[in-house]
Structures are given as C-alpha cells and as structure tokens.
1. For the pairs LYS30/LYS331; LYS331/LYS376; LYS30/LYS305, note any where the Cα-Cα span goes beyond 29 Å.
2. Under a point spin-label approximation (7 Å from Cα along Cα-to-Cβ), what is the LYS58-LEU319 distance to one decimal in nm?
3. May I ask you to derive the FRET efficiency for LYS30 and GLU379 from their Cβ-Cβ distance with R0 = 22 Å, giving the value to the nearest 0.05?
4. What is the distance, in nm, between label points placed 7 Å from the Cα along the Cα-to-Cβ direction at THR402 and at ASP260?
5. Mind listing the long-range amide H neighbours of LYS107? Cut-off is under 5 Å, sequence gap 5 or more, other chains count too, H placed in the peptide plane at 1.01 Å from N.
6. Given R₀ = 35 Å, FRET efficiency for THR223-GLU50 by Cβ-Cβ distance, to 0.05?
7. Give the calculated FRET efficiency between LYS372 and GLU112 to the nearest 0.05, with a Förster radius of 45 Å applied to their Cβ-Cβ distance.
Amino acid sequence: MSKLSNMQEWFTLDYSASYLSNILGEQVLKTDLYRLALDKKITLSVRFLESVPALIGKLVDEHDFFTQTSNQTTDDNRCDLSELCNSSDLFSPIDTHDSSEPVDDDKWFIFEDIAQNINGVWDLTMLGLESVDLEKRYLDELGECGYNPQRHKEEGIFIRNDASVCKLLTKLDPSPVYEDNAFVGGIIKDFFEREAISYDECINNDFDTLASLLTFSQFDHVTTIIDAMSVSFPTYKLYKNCLTIEDYDYQMVIKKQEIDRFIQSFEEIPKESTSQEASSVRDEERTALLVLIEVLCNKVNIDPKQRGIALSLVTMVGLMGSSLSDDTIRKIVNQIEPVVCSKSKAQLTRTLTTNERNSFLVLIAALCGDAKLDYKGREAIAVLVNMSKENGTPLLNERISTILSQIETAICSKTK
C-alpha cells in the first residue's frame with residue numbers, strides 16, 4: 001500500500017484501518033478504531049456533507065469558569081427571547097450574548113447564544129452524546145445491535161477544531177397550529193399575566209392608548225418584543241440540542257495528522273515499557289472481573305458491603321461443589337468499591353495472580369448459578385452485557401465472553 005498522500009487531510013475509517021494494518025504489521029479493524037476512540041487513545045472526526053447548525057464557543061476548566069464569567073456585564077433592559085419563550089432549548093439568531101453550561105464534573109461550555117451554520121471536518125470530543133453514538137457503532141460492528149441508549153434533551157453533541165468547540169443543534173419546526181402573530185401574541189400575553197395586566201383590555205388598542213395603560217418600563221418591554229419578533233419573522237428559527245449525529249449527513253473519518261501521531265506514539269514506546277503495558281492489560285482484567293461480580297450481586301440482591309456477607313458467599317460457592325474461604329471472598333468484595341465508585345481514592349495497581357483470578361471466576365460462577373444464569377450458554381453473554389449497562393457499569397461483549405470462557409478451568413482448580 002502506498003504512503004498516505006500529503007495532499008489528503010483526512011481518510012475514511014476503512015482506508016485508515018488498512019493503512020494501520022500495513023504499518024503495524026497486524027490486522028486493524030474498524031472495531032479497533034472505535035475501541036481506541038472510546039478509550040481516548042485516538043481521535044475520530046466527522047466530515048459533514050451539509051451545513052449544520054451549532055453553538056460556537058469554548059471549553060474551560062471549572063476553576064477558570066467563574067474567573068472568565070465574573071467580569072461579564074449584562075444589560076437589564078435587554079430582551080432575552082430564549083427567556084421569554086421559557087425554554088433552555090431554544091436559541092435566537094438575534095440579540096447575541098454569551099451563555100454557559102456545565103459539560104461534565106470539571107468543564108464548562110461558554111458559548112455565543114446564536115445559531116450558526118458549520119461544515120467541514122470536526123473532531124469528536126467524547127464529552128457528550130457523541131460518545132454514545134460511537135459506542136453504538138462499536139457494538140453494532142460486534143453484532144450487538146440491540147443497544148438503544150436513552151438520550152436526554154439537556155445533553156448535547158460536542159465537536160471541536162483548532163479554533164473552537166461547537167454544540168450541535170437541530171432545527172425545531174414551529175407548530176403548524178400557530179401563526180407568527182399568534183406566537184408573538186402568546187409571549188405578550190404571558191408577560192401581561194405576570195404583570196397582572198388585562199390582555200384583552202390592552203391588545204385591541206392603538207399604541208398611544210396602550211402607552212397610556214402601561215408604565216414606561218412595561219410599554220418598553222412590549223415594544224421590544226414586537227420589534228424583535230417582527231425583524232426575525234418569517235426567517236426566525238428556533239433550535240434544540242441535537243441528540244445524535246445521525247440527524248445529519250456525515251462521514252466518519254480520521255485526520256492524517258492524527259494517524260501520524262498515533263503511529264509515532266508506538267515508535268516512541270521504549271522496549272522496557274512492555275511489562276507496564278502487560279500490567280495495564282491485567283489491571284483492566286481485574287476491573288472487569290470486579291465489575292461483573294458487582295453486577296451479579298445487584299442482580300441477586302446481595303450487598304457486598306453488608307457485614308457478614310462473605311459467609312453467605314462461601315455457602316453459595318460450596319453449593320456448586322467448589323471452595324473459597326471467607327477470607328478470600330472478603331478480600332474480593334472489598335475491592336469492588338474502589339473500582340465501581342468514581343469518588344473512591346483507592347487505587348488497585350497490583351496485577352492478579354493465577355490463583356486470585358481463579359477465585360474471582362469461581363465466585364462469578366456461583367453468582368451466575370444463584371441468578372439462574374447458565375454461564376456456558378451463548379445467551380449468557382448478551383444477558384450480562386445488558387445487566388452491566390443497566391447497572392451503569394457497561395462491559396463489552398468480547399470482555400464478558402473471555403471471562404465466561406475461563407470459568408470451567410478455574411472451577412477445576414478450586415473443586416473440593
């Protein structure tokens with residue numbers, strides 16, 4: 001395969017997978033690219049084949065947020081149409097001002113509250129629902145087509161380029177029941193009701209009479225609404241947060257510079273780091289085993305933190321003809337919280353020994369039995385994948401398949 005052309009700035013996932021297979025000397029599939037992106041080891045991008053509406057802004061760390069926004073001043077007399085419409089999902093293409101919202105635990109999105117059209121190639125940030133779209137693609141490639149994640153209107157899809165970050169929008173079609181004048185009248189009526197003013201008495205009068213019935217501030221507010229709406233109609237557009245990239249015509253790609261960076265990262269890894277890489281893989285194994293144990297405990301209504309629970313689990317293991325001591329089980333269940341609790345400061349860095357791994361697997365087998373789940377059957381994989389998603393600690397099909405395939409050997413090593 002020829003080298004990547006310097007003229008091309010991005011490549012399809014199929015081409016990228018073939019190219020990386022040739023360079024790295026091992027087969028790379030699209031599923032591998034999805035997995036690497038989900039693990040934030042490589043950045044995937046979207047190439048929009050049409051103009052799409054978005055809010056343009058920037059991401060800032062939480063501790064910088066108040067510093068950047070504290071000096072912003074607001075005009076008390078300004079008419080904020082998004083507030084008048086009483087919906088945080090509506091954005092006006094007029095009356096531009098800065099707004100902000102939290103994205104995750106430590107980042108805020110500061111944006112210009114105006115819908116703008118964007119196009120071209122943008123990177124996925126993996127901070128919003130774009131990560132859900134990517135996970136669905138990944139599971140679909142693996143044959144797990146039943147994954148239909150719940151999407152919430154307060155979430156969004158965040159993409160970025162070298163200059164800015166965008167949140168994608170979807171045009172909110174106006175209801176056919178309302179004409180433009182009715183929409184304006186509804187906003188004014190809501191204002192009158194808040195001010196305890198008779199809408200019927202005021203609305204049919206000319207402006208001079210209306211001015212005499214209202215205070216200067218009230219009259220100014222009403223005329224501002226009418227002026228703003230008259231300028232925007234009939235081209236006034238309302239938008240809501242986009243919940244899936246699939247709303248638009250796009251192509252998933254990887255930038256050439258990102259492929260070059262990813263290849264270089266392999267070349268820069270010193271040989272002595274091989275043992276560290278193996279350790280990382282084994283640490284992921286420990287995490288997956290503990291997550292699966294916690295998922296199964298929840299399924300059979302067992303609280304791993306409950307006092308004396310180890311003895312009950314010892315009995316459960318004994319019923320299947322194997323043996324684990326209460327001390328062994330206690331050590332296992334005490335490791336669950338540091339893995340599944342994001343706030344835990346405990347770190348599990350020591351890799352599993354063969355004996356420890358077998359103990360984990362035997363306990364999983366016993367819990368499967370109590371949950372009336374046949375770990376030898378193919379359907380057990382899909383069931384456990386769904387259970388892990390419902391538990392909020394999703395495990396992938398291939399990971400669970402690997403774990404279940406090792407159970408029989410582990411049981412033989414622990415049989416009485």
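1. Those over the limit are LYS30/LYS331; LYS30/LYS305.
2. 6.1 nm
3. Computed FRET efficiency for LYS30 and GLU379: 0.25.
4. 3.3 nm
5. Here the answer is GLU62, since their amide H atoms fall under 5 Å of that of LYS107.
6. Numbers: r = 38 Å, r/R0 = 1.09.
With R0 = 35 Å, the Cβ-Cβ based efficiency is 0.35.
7. Working from the Cβ atoms, E equals 0.20.
Each reported figure results from applying straightforward, stated rules to the coordinates on display, with no laboratory input. Keep in mind the model is a prediction, meaning the values are calculated, not measured. Virtual Cβ from ideal backbone geometry, glycine too; neighbours counted across all protein chains shown.
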